[in-house]
1. Of all residues in segment 93-117 being of a type outside the set (Val, Ile, Thr) and buried (at least 19 other Cβ atoms within 10 Å of the Cβ), which is nearest to VAL162 (Cα to Cα)?
2. Out of all the residues in segment 132-163, which are surrounded by 13 or more Cβ atoms within 10 Å (Cβ to Cβ) and in contact (Cβ under 8 Å) with a residue 40 or more places away in the chain?
3. Tell me which residues, restricted to segment 112-142, are farther than 22 Å from GLN90 by Cα and under 26 Å from the mean Cα position of the chain (by Cα).
4. Can you pull out the residues in segment 79-118 that are charged (D, E, K, R), closer than 28 Å to ASP175 by Cβ and in contact with an Asp or Glu (Cβ under 9 Å, 6 or more places away or on another chain)?
5. Which of the residues belonging to segment 220-234 are closer than 18 Å to GLU51 by Cβ and more than 20 Å from the chain's Cα centre (by Cα)?
Amino acid sequence: MAAPASPKPSPASPKSSVREYASSLAIAVGLALFIRTTVVQAFYIPSGSMEDTLLVGDYLLANKFVYGAPVDIPLADYTLFRLPGLRDPQPGDIVIFRSPTDPDRDLIKRCVAVGGQKLQVVDKVLYVDGQPFPDPPLAKHTAEETYPAAVQPRDNFGPFTVPLNHFFMMGDNRDNSADSRYFGAVPTELIKGKAMIIYWSWDSDTRPPYYTGLASLPKLAGAFLWRLPGRVRYGRLGDIIL
């Protein structure tokens, strides 16, 4: 006597497949947002204020976990709370923070002093608690002239005592950086993360073809692809930021 045939599994309904895909997508998006909000975030260097430590066209990852990531309302400039961090920024750290004067902008500078420390800039030389603050290896001065404090605070500033829970930030390109000499010390609530590693870097394209209409798009795309290998700064890829 033949054994009865086993029942065939019923095919999944289109609705259940859609639900599965939607659920998987929601989990992936949620996980990506969680990582971006609390652990690591990508940033781009648009200006030369940190040259030659960081260059225009560097793309870097920032560690948001170390200082305690701010949890913001999506699409709004409002922080609900900060997660506990491992430590506060320390002198020498390269820090990403929200601009004190423009909440829509993120800035990247080097922390040179923390709450309670006294600093002063005298003829371009930075002193912290009465001692010269060592220039980072790739920091630079590009201007020969020295301005008195009455003209502008770039070359002569202070003395200034950093308030508690604040941090004094300066660019490594000391003569071309809008930093705490101009907008003051940065409070803890504006701190976003510590620069960690350069994952991509390319130089600007100094000879781009001009857009003259839809017919020029193939030429633009071809020129971009042709010049791309020569623009990549291969030696900077994977550099740890110090």
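1. If we take residues in segment 93-117 being of a type outside the set (Val, Ile, Thr) and buried (at least 19 other Cβ atoms within 10 Å of the Cβ), then ALA113 is nearest to VAL162 (Cα to Cα).
2. If the condition is that a residue be surrounded by 13 or more Cβ atoms within 10 Å (Cβ to Cβ) and in contact (Cβ under 8 Å) with a residue 40 or more places away in the chain, then PHE133, PRO136, LEU138, ALA139, LYS140, GLY158, PHE160, THR161, VAL162, PRO163 are the ones that fit.
3. HIS141, THR142
4. Result: ARG98, ASP104, LYS109, ARG110, LYS118.
5. If the condition is that a residue be closer than 18 Å to GLU51 by Cβ and more than 20 Å from the chain's Cα centre (by Cα), then ARG231 is the only one that fits.
Results for (1) more than 14 Å from the chain's Cα centre (by Cα); (2) more than 28 Å from GLN117 (Cβ to Cβ); (3) modelled with pLDDT under 70, shown as yes or no for each residue.
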residue: ALA28; (1), (2), (3): yes, yes, yes
residue: LEU31; (1), (2), (3): yes, yes, yes
residue: SER47; (1), (2), (3): no, no, no
residue: VAL56; (1), (2), (3): no, yes, no
residue: ALA69; (1), (2), (3): no, no, no
residue: GLY92; (1), (2), (3): yes, no, no
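Results for (1) surrounded by fewer than 16 Cβ atoms within 10 Å (Cβ to Cβ); (2) hydrophobic (A, V, I, L, M, F, W, C); (3) within 17 Å of TYR44 (Cβ to Cβ), shown as yes or no for each residue.
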residue: PHE168; (1), (2), (3): no, yes, no
residue: ALA185; (1), (2), (3): no, yes, no
residue: LEU190; (1), (2), (3): no, yes, no
residue: ALA195; (1), (2), (3): no, yes, yes
residue: THR212; (1), (2), (3): yes, no, no
residue: ALA223; (1), (2), (3): yes, yes, no
residue: TRP226; (1), (2), (3): yes, yes, no
residue: ARG233; (1), (2), (3): yes, no, yes
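The values are calculated or read from the model by the stated rules, or taken from the named source; none is laboratory data. In this text the structure is predicted, and so the values were computed from the model without any measurement. Note that each Cβ is placed from the backbone with ideal geometry, even for glycine, and that neighbours are counted across all protein chains shown.
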